[in-house]
Amino acid sequence: MTSQAGSLPTQRLEEDTRQDGAYPLLETVGLIKDYPGIRALDSMNFELRAGEVHVLFGENGAGKSTLISMIAGANRPTAGEIRFNGRHADLDSVHEARELGISAVFQEFSLIPQMTVAENLFLGAEPTARGLLDAKSQRQRAQEILDSLDFHLPPSKRVDHLTRAEQQMVEIAKAFRSDLSVLILDEPTASLTNHETDQLFKLIGKLKAQNVGIIYITHRMAEIREIGDRITVMRDGQFIKTVDAKTTGDDELVSLMTGRVMGQIFPEINYQPGEMALEVEDLRTADGFVDGASVTIRRGEIVGFAGLVGSGKSEFARACFGAEDIAGGRIVFKGRTITRPRTQEMLKDGFLYLPSDRRTDGLMMMRSARENMSIASLDIAPFSNGWLLNAKAEANAVDSLATQLNLSPHRVERDAGHFSGGNQQKLMLARSLTRDFDLVVFDEPTVGVDVGTRAAIYEFIAELCANGAAILLISSDLPEILHLTNRAYVFYRGRIQAELAGDEITETNVLSHFFEKEVA
């Protein structure tokens, strides 16, 4: 798409933006978005230049998702203006935005599970021949897009048969079905492997060379340094500052984001390994994702599970909790052999599993924060007397938890789906405080949360460990394994590739076991 300067007078956001009369590719001026009782976006100014990666940086709830939803045409502003190539743009729908070449890959998937990859890629823009769907052409075009991205997915496979990482690839591929002017990526690497992330970054480099402007949301500092050109920091729905991505330090970024000086992100942890909480021998799952893995976890320690997506690390924990069918092996929890674990029984016995996909597996998105926080303990006081719920006691307990975890906004009757990602994570964390748990499993606990919330979650995990709980941390974020655990298991194709402890837990040692088995 050729850029032409429009005749509409434009408020400049930075002194050096216009060169030789050129306008930014896209900008927002005084953008406001109000919801009942809440101003999600307050006079937001932002600009995107052609051929740059502009990172949006801010805490969960800062307004990033609200901003990009309006740029993508999925939401309308209450006031203010969006300009494209210097001209006013009425983006009343996603379709209108795409007509201008604006495509978004949102953090929450918008796929239809019962349809194939190809059908999802061209949903609403299906190729036709003589008025009928041209399924062959659709599959061919889908294959071309997937090949160009180096995403190894069969176009004819149904989406509900894909892993979450593969579904993320489909979401990304959807943006490339037509010519691009602006690409919006919201936490695109959260479910991708290192190889897939590298492919995405190579693609971003090609798009920059083609003068495509890219709006990129991430909480990962390393990604910002690798691909970012400029960073706009947001806080409480407002523009704070735009800075250079290559020269602005982490401390300054965090200070701009939170309004306070951030100290050490990872806390000091005093590990005191005690009695055995969980002992698993030769575990195998019915689906084959776990194939003979053995693990021990003691009270007062944090054990890490590392490995690539699909290595079996999450499936192992889910099987022990009763969420996956077991084909064989031995599970001993608190000295008692469990032949066939069931989630309800394991929960009551002191085993809590907090899943990685909070929207699909972790929370009831259309139920209140109160219900989501208390659901794991409705069978005990103060939430009930064993037979009847105690609504007043539940409300008091949940209100106290909301205060303790700094839930924002502090509205326990608000539906979980209306909270930001970081605050949704807090709703799940609250469950671990509703009763005494002997073992708490955190599966990817910081996916899609900001640095401030991330530090709070780490403190939370450290405190549970200090209080004598056994902690299992499953993470694809290697620094979490390196800085939070005292022992770590590396998974590879359903097996334990290595067990590391103490000073052995280094980046080199962990990564060396990610890809191929050791030769005896």
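Read-outs throughout are calculated quantities, based only on the coordinates presented, and are distinct from any laboratory measurement. This is a predicted model, so every value here is computed, not measured. Cβ sites come from the backbone with ideal geometry, for glycine too, and all protein chains shown count toward neighbours.
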Legend entry - Helix 135-149 vs. the chain, principal-axis angle (Cα, 0 to 90°, nearest 10): 80 degrees
Legend entry - In nm, spacing of pseudo-spin labels at M366 and A125 (7 Å Cα→C-beta vector): 3.0 nm
Legend entry - P(r), alpha carbons of the stretch 110-178 - 10 Å bins starting at zero, rounded %: 23, 58, 18, 1
Inset, instruction - Report, by chain and number, residues whose modeled amide H sits under 5 Å from the one on G328, excluding near sequence neighbours (fewer than 5 apart, same chain). - result: R284
Legend entry - the chain: radius of gyration over Cα atoms, expressed as a fraction of 2.2 N^0.38 Å: 1.02
Inset, instruction - Could you list which residues have their amide H under 5 Å from that of F151, counting only those 5 or more apart in sequence or on another chain, with H placed in the peptide plane? - result: none
Inset, instruction - Round to the nearest 0.05 the FRET efficiency obtained for E281 and R336 when R0 = 22 Å and r is the Cβ-Cβ distance. - result: 0.90
Inset, instruction - Quick one: angle between helix 391-404 and the longest Cα principal axis of the chain, in degrees between 0 and 90, rounded to 10, please. - result: 70 degrees
Legend entry - In nm, spacing of pseudo-spin labels at S93 and R411 (7 Å Cα→C-beta vector): 2.9 nm
Inset, instruction - Would you mind pulling out the separation of the Cα centroids of the stretch 200-243 and the stretch 356-416, in Å? - result: 36 Å
Inset, instruction - Tell me which residues come under 5 Å, amide H to amide H, from G63 once H is placed; ignore anything under 5 positions away on its chain. - result: G237
Legend entry - Kirkwood Rh in Å, taken over the stretch 344-441 so that all alpha-carbon pairs contribute: 13.4 Å
Legend entry - Calculated from backbone phi, Karplus (6.51, -1.76, 1.60) coupling profile of the stretch 445-456 in Hz, x at Gly/Pro: x, 10, 5, x, 10, 7, 5, x, 5, 4, 4, 5
Legend entry - Residue-by-residue Karplus 3J(HN,Hα) for the stretch 210-220, coefficients 6.51, -1.76, 1.60, Hz, glycine and proline x: 8, 6, 6, x, 10, 9, 10, 10, 7, 10, 9
